[in-house]
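Here is the structure we will look at, set down as structure tokens.
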Amino acid sequence: DTGVSQDPRHKITKRGQNVTFRCDPISEHNRLYWYRQTLGQGPEFLTYFQNEAQLEKSRLLSDRFSAERPKGSFSTLEIQRTEQGDSAMYLCASSSGIKDRNTIYFGEGSWLTVV
Amino acid sequence: AQSVAQPEDQVNVAEGNPLTVKCTYSVSGNPYLFWYVQYPNRGLQFLLKYITGDNLVKGSYGFEAEFNKSQTSFHLKKPSALVSDSALYFCAVRDLDNYGQNFVFGPGTRLSVLP
């Protein structure tokens, strides 16, 4: 059973550019989460999917951020017109809707540096 | 609203000594409580959780945690610390009676185990 996979692991981009991160959850996990973590802080919730439906969004998810999970499997998080304040690690996590549904399992994260 | 406090930014302990990392929480309903560990430049790894049942829960790598409802605490403990336990530890809570999927994380506690 492979874990949550995130790509790319590191991304350096110029301010104003768009970036996209991909997350492949644990196989058969129908719940998928995106979190953001800045240096010295705990993860902050961004959004949650159950299958392909985006059921919750944090107010941290400004209109420059969009997340999709088109087929209920992998998910993408896109940041448009990046700003230096977007520099952070973006964490994806997944959980099963049935077995052990109360535990979320994280990927290794995608580091974003906006210069 | 849910919240988690980790009152210590840093905990230092000598190898072989017992360790405690503190966590207190606030939820309106019944809590699900979790501990995760993060090594440098990595994602979060699940250690243990409390859902219901025994107040003392055991997890990975010899860690355990005690749920105390009256003190709204969920402290992480280990009888004998290892240098390899040095990492960042996060406590998290999910409000069982709030049907949202937001797991709220504390700010983290850096554990340093000295040889």
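The values are calculated or read from the model by the stated rules, or taken from the named source; none is laboratory data. All values reported here derive from a predicted model rather than from experimental measurement. Counting neighbours? That spans all protein chains shown, and the Cβs are built from the backbone with ideal geometry, glycine included. The protein model used for the area step is the full one, side chains on, heavy atoms only, and it has no ligands, DNA or RNA in it. Shrake-Rupley method; radii C 1.70, N 1.55, O 1.52, S 1.80 Å.
Taking B:41, B:30, B:102 in turn, the Gaussian network model of chain B (Cα-Cα springs below 10 Å) assigns the largest fluctuation to B:41. Based on protein heavy atoms only, the protein assembly as shown ends up with 49 Å² per residue of surface accessible to a 1.4 Å probe. Computed over protein heavy atoms with a 1.4 Å probe, the carbon and sulfur contribution to the accessible area of the range B:17-115 reaches 50%. If R0 is taken as 35 Å, the Cβ-Cβ distance between residue B:12 and residue B:72 corresponds to a FRET efficiency of 0.85. The Cα center of the range A:43-107 and the Cα center of the range A:1-39 differ in position by 8 Å. The local environment of residue B:57, defined by Cβ-Cβ distances under 11 Å, has a net charge of 0 under the rule Lys, Arg +1 and Asp, Glu -1.
Projected label points at residue B:45 and residue A:83, each 7 Å from Cα along the beta carbon direction, are separated by 3.6 nanometres.
What pairs from B:22/B:69; A:11/A:71; B:49/B:69 go past 22 Å between their alpha carbons? Violating the 22 Å Cα-Cα cut-off are A:11/A:71. Taking only the Cα atoms of chain B, the radius of gyration and Dmax are 13.6, 45 Å.
For the range B:52-115, applying the loop criterion from DSSP together with a ceiling of 10 other beta carbons within 10 Å to the chymotrypsin sites (Phe, Trp or Tyr not before Pro) yields B:99.
Restricting to the protein assembly as shown, compute how many DSSP beta bridges are antiparallel as a %, nearest 5.
Roughly 90 percent of the beta bridges in the protein assembly as shown run antiparallel, per DSSP.
When the Gaussian network model of chain A links Cα atoms closer than 10 Å, the mean-square fluctuations of A:13, A:76, A:103 top out at A:103.
Mean silhouette area of the range A:41-114, derived from the convex hull of its C-alpha atoms and averaged over all directions, reads 5.5 nm².
What total accessible area, in Å², is buried where chains A and B meet, using a 1.4 Å probe and rounding to the nearest 100? Please report the intermediate quantities before stating the final value.
Details: alone 6730 and 6230 Å², together 11230 Å².
Interface area, both chains combined: 1700 Å², rounded to the nearest 100.
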